[in-house]
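These notes are about the structure you will find just below.
The values are calculated or read from the model by the stated rules, or taken from the named source; none is laboratory data. As the structure is a computational prediction, the values presented were derived from the model and not from experiment. Every residue, glycine among them, receives a Cβ derived from its backbone with ideal geometry; neighbour counts consider all protein chains shown.
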Amino acid sequence: MAATEDAEEGRRPRAPLAALTQAALALPIVLASARAGAAQVGEVGFAALGYKERGLIKVTEPVLWGRLQVDDVWEFEASGALDIVTGASPELVTNLPGTPVQSVTGASINDRRRTAQLRAKRRFGDFSLSVSRAVSNEEDYHSHAFAIQGEADLDQHRTTLAIGLGKSNDRVGSSIDPALDERRDTREYLAGVTQVLSPLAVVQSTLTVTRGKGWFNDPYKSTLTFYPDEILPVLFADRRPDHRNAVAWLTRYRRHFPGASGTLQADYRLFRDDWGIRAHTLELAWQQDLGERWSIRPALRYYTQGAADFYSPVVPRPRPEVLSSDQRLGAFGGLSPSLRLVLRLENGLTVEGTAGYVHDAASLRLGGGGSEAFTTLRAVYGILSLSRAF
Amino acid sequence: MAALNEVQVHAPDVSAARSLAALAIAEVRRIEAKYSRYRADSVVSRINAAAGGAPVTVDEETAKLLDYVDACFRQSRGRFDPTSGVLRRAWRFEPGASIPGLRELRPLLAAIGWHRVERTPDTVRLPLAGMELDFGGFGKEYAVDRAATVLREAGAASAIVNLAGDLAVLGPHPDGSPWRIGVQHPRKRQVALAALPVSCGALATSGDYERYLEADGVRHCHVLDPRTGRPARGFQSVTVHAPSCLVAGSASTIAMLLGRDAGLSWLESLELPYFAVLEDGIIVDRFRSGP
């Protein structure tokens, strides 16, 4: 840029603000903090989400949230959501037509899920500590989670380190098997770093390790397999290992281009677990500011995963200990474009609308080799949110 | 000064608010008297009168203020120059005035150059007769900071000091809500372009709209480049939020002087919230959405 012109006047020292502030500090004046964010003392918002998976499931999810900052030291956040799920759910994978297909039973699922989350954060100078509690209840699944996280700002807020610990105690039930009442307990360990690379670019990398044990079987899923040499088919209920240990590594990059009034947002997530699943997610988005009030954000997400070791659409012989024909454990890939429009009004009101499309298919798996029994999924979703800063 | 100057203080009762405000106003008057170039007995007038002659003794406050200006000069690679006020002799920002040519500017440019000013810890000497020091680019901002400091020391927890749009905020309103500071539309008088929420710190704006001269459809503003004698181009206005008004004011003025691209990267390098209107009307709002 033109900042490098006329070098004969000498190189500009590295930290101009530090130089000016140091000179100003010699004067008999008191300097104050100038964080613009500190001025906002709170925010409330409402969002509604609609999801339609061609004939299968529709979810509407009204969410309400609030955030309150007190004295620049305390921060409280609360949110609540209600999911309403209607429509049918796939239950059975059978090879009756010759090749394995997913068959949808006539049973219709109507469920309501209520979730609530509370978070309190206390800042101690360059260090902050937050605790959060989350509860989620539906007819056949109850979850109680607790998390604690510490963050330290280093090098004049250019580097932020975070470590966290969380646990979730869940109970699994079933609307078709009233006797089912099993536990699933998960512990989560998190370590992350956020680094400001330049005034225009920031990168954040977070490693999350989860260790779960308990009941992972899906009571609504089973596999029905016919063998050519046997008269009776075999019906195998979904049975998975009683533990799941996973590592997820998420890296996010943001780069602002003042000349173009836009920001590049790139996210990459690597996931692997001891079920044998390897997954990669790449999302690229461009947020373009259109004047002071409007901004638009087109995004494209690509997802690819390999199958779990015990995934199979047919029951093999001899029968294994663990087996699932749940296609979410199969090998497939997905493309998901979305578009978000943001309108910021002068009275602190922000209106956001997002529309997206989800396309998951065996053929979209990176390098091929997708599970043949994977039924192509096409879904559309929309999110509308209103928030107001006060 | 013709522009709006105001002090607003939240206090338990009216008389407490009045006495706090009076302290702040007295401090502003003290600084204006000390550094005004319209008063023969001011520090500035004494230094300018002795140009080309003997060194003038200055007090500690003035010396520290000149140290600050020196830091601005260095950081801006010579764009921010307190000796550039002599250019006013060629530029008249009034309707019908003409655009000065090189013939008029050249002798004035020869009298500009902060690096040539001779300073010791307690003296200042302008080496050439005709050279001038002008505190116009930072004296008002310093007065804002001093008035805010006086209020803070007197115990005010919520107040605003506003000298013609350059201001300091001493904490939010008693109910915790921020002060809403309107940014003047650079092309429409009496129209606010944005309302920036500020709870603490200072806000200063440099713009091409206060004093300017229009000729052949080109706007020539009063922010003049000391190297060419010509007006800065690239921004309609730059508003910066900083820990002090002095820093906010010099940051925004230096951005104006650097021009659009170098100015934006200067602002980004400061990592301070800012709100800029580019020459073509495009708004860069880095106030609410940080880097």
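The figures follow:
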{"read-out": "Odd one out for B:Leu163 among (1) surrounded by fewer than 21 Cβ atoms within 10 Å (Cβ to Cβ); (2) at pLDDT 85 or above", "value": "(1)"}
{"read-out": "Any hit, segment B:96-111, residues being assigned to a helix (DSSP H, G or I) and of a type in the set (Asp, Glu)", "value": "yes"}
{"read-out": "Some residue of segment A:21-33 being in a strand (DSSP E or B), within 14 Å of chain B (Cβ to nearest Cβ) and either more than 27 Å from B:Glu141 (Cα to Cα) or at pLDDT 80 or above (or both)", "value": "no"}
{"read-out": "Test: residue in segment B:268-278 that is more than 7 Å from every other protein chain (Cβ to nearest Cβ) and either assigned to a helix (DSSP H, G or I) or more than 20 Å from the chain's Cα centre (by Cα) (or both)", "value": "no"}
{"read-out": "Looking only at segment B:185-214, and only at residues there that are among the charged types (D, E, K, R), out of contact with any Cys (no Cβ under 6 Å at 6 or more places or on another chain) and assigned to a loop (DSSP other than H, G, I, E, B), the one that is farthest from the other protein chains (Cβ to nearest Cβ)", "value": "B:Arg211"}
{"read-out": "Count - residues of segment B:112-167 that are closer than 15 Å to B:Asn5 by Cα and in a loop (DSSP other than H, G, I, E, B)", "value": "2"}
{"read-out": "Matching residues, segment B:168-179, being at pLDDT 80 or above, at the interface with another protein chain (Cβ under 10 Å from one of its Cβ atoms) and assigned to a loop (DSSP other than H, G, I, E, B)", "value": "B:Gly171, B:Pro172, B:Pro178"}
{"read-out": "Hits in segment B:1-54 - residues which are surrounded by fewer than 17 Cβ atoms within 10 Å (Cβ to Cβ), charged (D, E, K, R) and part of a loop (DSSP other than H, G, I, E, B)", "value": "B:Asp13, B:Arg39, B:Asp41"}
{"read-out": "Only one of B:Arg89, B:Arg46 that is out of contact with any Phe, Trp or Tyr (no Cβ under 6 Å at 6 or more places or on another chain), without any contact (Cβ under 8 Å) to a residue 12 or more places away in the chain and of a type outside the set (S, T, N, Q)", "value": "B:Arg46"}
{"read-out": "Test result for B:Pro121, farther than 25 Å from B:Ser269 by Cβ and without any contact (Cβ under 8 Å) to a residue 12 or more places away in the chain", "value": "no"}
{"read-out": "Pick from segment B:215-242, criterion facing another protein chain (nearest Cβ under 10 Å) and under 23 Å from A:Arg293 (Cβ atoms), ranking: surrounded by the fewest Cβ atoms within 10 Å (Cβ to Cβ)", "value": "B:His241"}
{"read-out": "Segment A:220-240 - residue that is crowded, with 18+ Cβ neighbours inside 10 Å and part of a loop (DSSP other than H, G, I, E, B) and, of those, modelled with the lowest pLDDT", "value": "A:Tyr220"}
{"read-out": "Residue match in segment A:86-107 (condition: surrounded by fewer than 13 Cβ atoms within 10 Å (Cβ to Cβ), modelled with pLDDT of 80 or more, assigned to a strand (DSSP E or B) and more than 27 Å from the chain's Cα centre (by Cα))", "value": "no"}
{"read-out": "Subset of segment B:237-265 [without any contact (Cβ under 8 Å) to a residue 60 or more places away in the chain, over 16 Å from A:Ala260 (Cα atoms), not in a loop (DSSP other than H, G, I, E, B) and not small (Gly, Ala, Ser)]", "value": "B:Val238, B:Thr239, B:Val240, B:His241, B:Val247, B:Met256"}
{"read-out": "Within segment B:203-225, considering residues that are among the hydrophobic types (A, V, I, L, M, F, W, C) and out of contact with any His (no Cβ under 7 Å at 6 or more places or on another chain), the one farthest from B:Gly165 (Cα to Cα)", "value": "B:Ala215"}
{"read-out": "Test: residue in segment A:331-342 that is crowded, with 19+ Cβ neighbours inside 10 Å and under 20 Å from A:Arg239 (Cα atoms)", "value": "yes"}
{"read-out": "Residue within segment B:81-89 that is within 17 Å of B:Pro231 (Cα to Cα), of a type in the set (Val, Ile, Thr) and in contact with a His (Cβ under 8 Å, 6 or more places away or on another chain) present", "value": "no"}
{"read-out": "The one condition in (1) in contact (Cβ under 8 Å) with a residue 12 or more places away in the chain; (2) surrounded by fewer than 15 Cβ atoms within 10 Å (Cβ to Cβ); (3) in a loop (DSSP other than H, G, I, E, B) that B:Gly182 fails to fulfil", "value": "(3)"}
